[in-house]
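Structure record follows, encoded as C-alpha cells.
The values are calculated or read from the model by the stated rules, or taken from the named source; none is laboratory data. Everything quoted here is computed from the prediction, not taken from an experiment.
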Amino acid sequence: EAREREDTLVSEFKAQADKMSIDHTLALDRAQADREHHHQTMMEDQANKYKAKLEELAFRHQTKLEETIRQYEDDAAFRARASEESHESMLHMFDTKMASLATRLEGMAGKETKLMQRLNEMS
C-alpha cells in the first residue's frame, strides 16, 4: 500500500509538473504574442505617422504647384494684355504717322499742282 501511495504521489507530482510546464509554455507563448502585437502596433503607428507626413508634404507641394501655375497664367495673361496694348499703341502711332504722311503728300501734291500751273503760265 505504501508503494501504491508512493506511485500515486509520483504520478500526481508528474501530472502537476506537466501542467506547470504547459502553463509555463502557454505563458511564454502569450508573452511572445503580446510582444509581437506591441511591435506590430508600434510599426503601424510609425507607418501611419510617416504616411500622414508624406500626405502633408504632397498636399503642400500640390498647393505650391497650383500657386506657381496660377502665377504663370496670370503673368502670361498680363504679358498678353501688355503685348496687345503695345500692339494697339504701335498701330495708333502707325496710323498717326500715315495720316501725317498723307497730309504731307497732299501738301506736296498741292505744291506740285501749283508749280505745274506756274510752269504752264510761264510757257
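Points to keep in mind about this one:
- Qualifying residue in segment 12-25 (condition: in a helix (DSSP H, G or I) and under 51 Å from the mean Cα position of the chain (by Cα)): no
- Here Thr113, Thr63 are screened, and the one residue that is more than 25 Å from the chain's Cα centre (by Cα) and part of a helix (DSSP H, G or I) is Thr113.
- Residue list for segment 59-93, filter: among the aromatic types (Phe, Trp, Tyr) and at pLDDT below 90: Tyr72, Phe78
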